[in-house]
Amino acid sequence: MMDGSMGNWFGGFMGFGFFFFLLFTALIVYLIWSIAAKGSSSSAGRNEESAEQILEKRYARGELSEEEYERMRAKLKNKS
């Protein structure tokens, strides 16, 4: 036989356990979100080209004359 005090104790424990379950779930969601955020920012940084690389590619494709290329390259060198 189970008396009233035993039933109350288990009911209280179940409520407390549910709180920890929610806390644990929130922690897992936060960890997944933070890992995904780090991955996207680091991969974006690797794909960025420098201004000089873009200038070189434009010159190689024939979008710029040699004079335009040299003038723009000199401006970039002066900025850095």
Starting from 0.36 nm per residue, how many nanometres of slack lie between residue 77 and residue 27 once their C-alpha separation is accounted for? 13.2 nm
Could you run the Karplus curve 6.51 cos²θ - 1.76 cosθ + 1.60 with θ = phi - 60° over region 20-28 and give me ³J(HN,Hα) per residue in whole Hz, x for Gly and Pro? 5, 4, 5, 4, 4, 4, 4, 5, 4
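Read the figures in this text as sums done on the coordinates, not as results from a lab. Everything numeric in this text was worked out from a predicted model, so none of it was measured.
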